[in-house]
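First up is the structure itself, then whatever we jot down about it.
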């Protein structure tokens, strides 16, 4: 069931982003995004991993802790005009009030 919902979410996201492509389920349960210039495969992460999903774009695999992370990685791969926003959290001294 979660993969079915993720498949539908990805398909509707492609429509919303106005990106041509289709989302299909592979025999092994992975989600494949086809019809694009990139080869994108989304798998559930192995048990006891800190990630929930593994996203492979053109042979490079990166982890994602949520579907939001999966969507970000897929959009970065498919939409060249997408401006990514990165947030970095680092230890720093408290600002005096």
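Kindly express, to the nearest 10 degrees and within the range 0 to 90, the angle between helix 2-16's C-alpha long axis and the longest C-alpha principal axis of the chain.
That helix lies at roughly 90 degrees to the long axis.
Taking other Cβ within 10 Å of each residue's Cβ, how do 27, 72 sort, fewest first?
Ascending number of Cβ neighbours within 10 Å: 27, 72.
Helix 67-78 versus the longest principal axis of the chain: what angle, 0 to 90°, nearest 10, using Cα atoms?
Roughly 70 degrees between the two axes.
Using Cα pairs closer than 8 Å and at least 6 residues apart in sequence, work out the relative contact order for the chain, in percent.
With pairs under 8 Å counted, the relative contact order is 16 percent.
Just from its helices, what would the mean residue ellipticity at 222 nm be for the chain, if runs of 4 or more DSSP H residues each count -39500 (n - 2.57) and the sum is divided by every residue, rounded to the nearest 500 deg cm²/dmol?
The helix-only estimate for the chain comes to -9000 deg cm²/dmol at 222 nm.
Bear in mind that the values in this text are calculations on the coordinates, not laboratory data. On a predicted model such as this, the values are computed, not experimentally measured, just so you know. When we count neighbours, we look across all protein chains shown, and the Cβ atoms used for this are built from the backbone with ideal geometry, even at glycine.
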